[in-house]
1. In Å, the Kirkwood hydrodynamic radius of the chain over pairs of distinct alpha carbons?
2. With a probe of 1.4 Å, find how much accessible area the chain has per residue, and write the answer as a whole number in Å².
3. Where the only charges are on Cβ atoms (+1 Lys, Arg; -1 Asp, Glu), what is the dipole of the chain about its Cα centre, to the nearest 20 debye?
4. For the range 156-245, which trypsin sites (Lys or Arg not before Pro) are in a loop by DSSP, counting at most 10 other Cβ atoms within 10 Å?
5. For I128, what charge total do you get from the other residues with a beta carbon under 14 Å from its beta carbon, if Lys and Arg give +1 and Asp and Glu give -1?
6. Between D58 and A71, 0.36 nm times their residue separation minus their Cα-Cα distance comes to what?
7. Can you tally the net charge around L167? Count Lys and Arg as +1, Asp and Glu as -1, for every other residue whose Cβ sits under 10 Å from the Cβ of L167.
8. Measuring from centroid to centroid over Cα atoms, what is the spacing of the range 1-35 and the range 161-183 in Å?
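The values are calculated or read from the model by the stated rules, or taken from the named source; none is laboratory data. For clarity, every value in this text was computed on a predicted model and none was experimentally measured. Heads up, the Cβs are rebuilt from the backbone with ideal geometry, glycines too, and the neighbour counts pull from every protein chain shown. Protein only, heavy atoms only, side chains kept; ligands, DNA and RNA dropped before computing areas. Shrake-Rupley method; radii C 1.70, N 1.55, O 1.52, S 1.80 Å.
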Amino acid sequence: MKPLTDLNHVLTTTRSVRRRLDYDRPVPLGLVGECLQLALQAPTGGAAEDWRWLVVGDPETKAALAELYLAAYVEYVQKPLQDADSPIVRDRLGGRNADGTLSTRTARILGGAAHLAHNIGRAPYLLIPCATRPNPAKGGAGTNSAVYGSLYPAIWQFNLALRARGLGTVITTLHLHHAAAAAALLGIPDHALQITMLPVAYTQGTEFRVAARKPVNAVAYLDRWGEPLPYDDKPVERLTGEEYA
């Protein structure tokens, strides 16, 4: 397919893809490289480009990473959910219905997470972005923000580039519970910090909806906390900026 060129469409329909990754369709390595080339146009702290991007396509290595991911999923997601009052369910995912059953939203999220945990190693590529400086353990109060802030703009830009080309991914962090094992498997040096792991695949279909989100004036403040920003959301097709020109 030709890349999508409507920026608003790409921005509003780039989703975290779990169930709709096409694990059986090969992805040209050059296409991953093209998306990385676009991702590397993102800003990075001090223009240092202190990122490294490990693209894993070897089946045995992917399978080993998938084992680490699944083990972390079982320990840190599946087991805690056996508790009816799990804070993951109660505080993060939308909770349970009055009869104790999972809410529709919660069931959908957890179903997607389980599907990904059991299939992530089937993705044509697993991509692990790493930061090579500064060390969060040795820096000051802003170091963590600087480290992740130097990577996540490019990580998201990679997501957008994939979307525009009919591919998808989801930002995952579970394998980081076993980061040392992953580093040993991949030869990642001690000074490199793994940030996330991205399964890369074509999507099953390319139509994705605009997500339901709280309006801007419910989450953004003007001048002081609690003072709503005076803005009313508009339909996406009207987000052209022309009325402010």
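1. Working: mean 1/r = 0.0498 Å⁻¹.
Its Kirkwood hydrodynamic radius stands at 20.1 Å.
2. Numbers: 14160 Å² over 245 residues.
On a per-residue basis, 58 Å².
3. Numbers: 25 positive and 23 negative charges, 76 e Å.
Roughly 360 debye for the chain.
4. Working: sites: R163, R165, R209, R213, R224, R238; in loops: R165, R209, R213, R224.
In loop regions of the range 156-245 (DSSP not H, G, I, E or B), the sparsely surrounded trypsin sites (Lys or Arg not before Pro) are R209, R213, R224.
5. On the way: positive: R52, K62; negative: D58.
It works out to a net charge of +1.
6. Working: separation 13, 0.36 × 13 = 4.68 nm, distance 2.02 nm.
Computed gain between D58 and A71 is 2.7 nm.
7. Working: positive: R25, R163, R165; negative: D22.
Within the 10 Å Cβ shell, the charges total +2.
8. Between the Cα centre of the range 1-35 and that of the range 161-183, the gap is 14 Å.
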